[in-house]
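Notes follow once the structure below has been shown.
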Amino acid sequence: MEWLVVQIATAKLGAILVNINPGYRTNELEYSLNHTQIKALVIGDKFKTSDYTEMIYELAPELYENDDAFFESKTLPYLKTVISLAPKNLQGIVMWDEFMDMGSEINLNEVLEIQRNLSFDEPINIQFTSGTSGRPKGATLSHHNILNNADIITTIQNLNHTDKIVIPVPLYHCFGMVLGNLGCITKGAAMIYTSEGFNPELVLKAVEEEKATSLYGVPTMFFAELNHPELKKYDLSSLRTGIMAGSLCPSELMKRVQKELNMTEVEIGYGMTETSPLSTQTRIDAPFEKRISTVGQILPHTEIKIINPETGQVIPIGEPGELCTRGFGVMLGYWGDEEKTRESIDSARWMHSGDLAIIDEEGYVSIVGRIKDMIIRGGENIYPKVIEEFLYTHPGIEEVSVIGVPDEKFGEQICAWIQLKKGSKITEIEIKEYCRGKIAYYKIPQYILFVDEFPMTVTGKIRKAEMREISIKKLFKNA
């Protein structure tokens, strides 16, 4: 609930809300705070293996000596205050209840004056996406970007004030924050948060108890709900609709969701953080086959083109090429990185997705692959280079290359090919331990293959497609 309060409050004040992935560790957190020059940080206490209180004390030990709401830090020069949801008082940190009480000291006329001078085109949200250079990029979104996306998507879903939406997807993603929170706000629908982290049984329980009409999730979540041993004991008859997005959605999964979860009007959405997020969406009146095998049609007030990624020319209908989007959803740019912005958004304001897609004569879009080597694990976009650059810091590793391999539950899992330095005898367990606590848990390779060489092209580039084929044969011998 506190997340939603901060989301609405920052928008009303014109302060930029910066979403921090709760899986980040100290190195990633430090970069995010400094790159976007964050002044105030709201933290939970602990979640799973992350101790956020411990992390912020490690980065800003000055808090131990602080007796005020504000402080100065050498490591985090822009950060001035930390607000915590922890159940006990913490030295140097403002507690949530204390923070709420501070509101009584604010002059309402000053707040209203600030609001009168705000513009819908101003940046209001920064969301980090994995960067191929090893550093996350801050996609900068405006009120105009995200509020219109939320309104249009929920309108297509036929949602209204009588609907109740279960939102088990993370709020730090566009899915939870835009399609979930803002989508509900635009229609007056109820938001239902089932737990701090995804728990399939609590989702099913919430649907039954609250008589929810809509359920959101990435394919991984729907797999978990459908495969839960207690599924049949829950009454899910109130469900009607929902959105499946964040990763490629298998047709067979869509069929099961419609039949076993009673979500006869479930829709698939496609997009990216940089487009606020969706660009296409299926419609409830579309032919069944189109609803389960495509990512739908273009959103209103949005354009799509499929181009030859080499020449930039639009290609004929039915042929695969790079999907580009233009319209209200395209981000303002990457925060503090004009070069990366120019690489993604061309001079005509087309956002280049890096995804290979086909569009048919009726305007239905199918995603057929990715130009880049991005791995999508359970809705998380992961770039191999980020993991490769980190693993290269291990003294026993000579060379490393990371790919994605198929996984029924997560869509893809990370597989690292590692060539050790002469005399080095590192084990798979030791490498995973080396990663733990230094990079986000979802970036730690599930599979590690020790090799003497890599498949190479004539020009000396590693052939990742061949690596993937070999890995599948080795890891899944029956495949």
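The values are calculated or read from the model by the stated rules, or taken from the named source; none is laboratory data. All values reported here derive from a predicted model rather than from experimental measurement. Cβ placement follows ideal geometry from the backbone for every residue including glycine, while neighbour counts extend to all protein chains displayed.
Annotation note: Cβ proximity below 6 Å between a residue of the stretch 21-40 that is closer than 14 Å to E58 by Cα and free of Cβ contacts under 8 Å to residues at least 24 places away in the same chain and a residue that is part of a loop (DSSP other than H, G, I, E, B) and small (G, A, S) (sequence gap 6+ or interchain) occurs for no pair. Check off (1) modelled with pLDDT under 95; (2) over 22 Å from the mean Cα position of the chain (by Cα) for G354 and give me the number that stays unchecked. It fails just one condition, (2).
Could you please give the count of residues in the stretch 365-384 that are part of a loop (DSSP other than H, G, I, E, B) and either in the same structural domain as G246 (by TED's automatic domain parsing) or of a type outside the set (F, W, Y) (or both)?
To start, the set of residues in the stretch 365-384 that are part of a loop (DSSP other than H, G, I, E, B) comprises 371-374, 378-379, 383.
With the extra rule that they be either in the same structural domain as G246 (by TED's automatic domain parsing) or of a type outside the set (F, W, Y) (or both), the set shrinks to 371-374, 378-379.
Qualifying residue count for the region: 6.
For (1) of a type outside the set (A, V, I, L, M); (2) surrounded by 13 or more Cβ atoms within 10 Å (Cβ to Cβ), each residue gets a yes or a no:
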| position | (1), (2) |
| --- | --- |
| K80 | yes, yes |
| I83 | no, yes |
| N89 | yes, no |
| H144 | yes, yes |
| L159 | no, yes |
| D163 | yes, yes |
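Touching a residue at least 40 places away in the same chain (Cβ under 8 Å) and either surrounded by fewer than 16 Cβ atoms within 10 Å (Cβ to Cβ) or over 22 Å from the mean Cα position of the chain (by Cα) (or both): which single residue out of S237, S251, S214, S276 fits that description?
Values: S237 fails: touching a residue at least 40 places away in the same chain (Cβ under 8 Å); S214 fails: either surrounded by fewer than 16 Cβ atoms within 10 Å (Cβ to Cβ) or over 22 Å from the mean Cα position of the chain (by Cα) (or both); S276 fails: either surrounded by fewer than 16 Cβ atoms within 10 Å (Cβ to Cβ) or over 22 Å from the mean Cα position of the chain (by Cα) (or both).
After ruling out the rest, the residue left standing is S251.
Pairs are defined by a Cβ separation below 7 Å, a sequence spacing of at least 6 or placement on different chains, a first member in the stretch 58-74 that is assigned by TED's automatic domain parsing to the domain that holds E30, and a second member that is modelled with pLDDT of 95 or more and exposed (fewer than 13 other Cβ atoms within 10 Å of the Cβ); the pairs so defined are E62/E72; L63/Q91; Y64/Q91.
Hydrophobic (A, V, I, L, M, F, W, C), in a strand (DSSP E or B) and touching a strand residue (DSSP E or B) at 6+ places or on another chain (Cβ under 9 Å) - does that describe any residue in the stretch 385-397? Yes.
When G379, G396, G437, G423 are checked against the criterion of being out of contact with any Asp or Glu (no Cβ under 9 Å at 6 or more places or on another chain), over 30 Å from F47 (Cα atoms) and not β-branched (V, I, T), a single residue qualifies: G423. Within the stretch 411-463, the set of residues being assigned to a loop (DSSP other than H, G, I, E, B), basic (K, R) and surrounded by 14 or more Cβ atoms within 10 Å (Cβ to Cβ) comprises K438, R463. Do we have any residue at all in the stretch 20-30 that's within 17 Å of N125 (Cβ to Cβ), at pLDDT 95 or above and either outside any loop (DSSP other than H, G, I, E, B) or among the aromatic types (F, W, Y) (or both)? Among the residues of the stretch 20-30, not one is within 17 Å of N125 (Cβ to Cβ), at pLDDT 95 or above and either outside any loop (DSSP other than H, G, I, E, B) or among the aromatic types (F, W, Y) (or both), which makes the answer no.
Hey, any hits in the stretch 56-66 for a residue that's in a helix (DSSP H, G or I), under 22 Å from the mean Cα position of the chain (by Cα), surrounded by 16 or more Cβ atoms within 10 Å (Cβ to Cβ) and not acidic (D, E)? The answer is no, given that none of the residues of the stretch 56-66 is in a helix (DSSP H, G or I), under 22 Å from the mean Cα position of the chain (by Cα), surrounded by 16 or more Cβ atoms within 10 Å (Cβ to Cβ) and not acidic (D, E). Within the option set A190, A224, being among the small types (G, A, S), more than 30 Å from L332 (Cβ to Cβ) and at pLDDT 95 or above holds for one residue only, A190. All of (1) closer than 27 Å to N34 by Cα; (2) surrounded by 22 or more Cβ atoms within 10 Å (Cβ to Cβ); (3) of a type outside the set (A, V, I, L, M, F, W, C) hold for T129 with one exception: (2).
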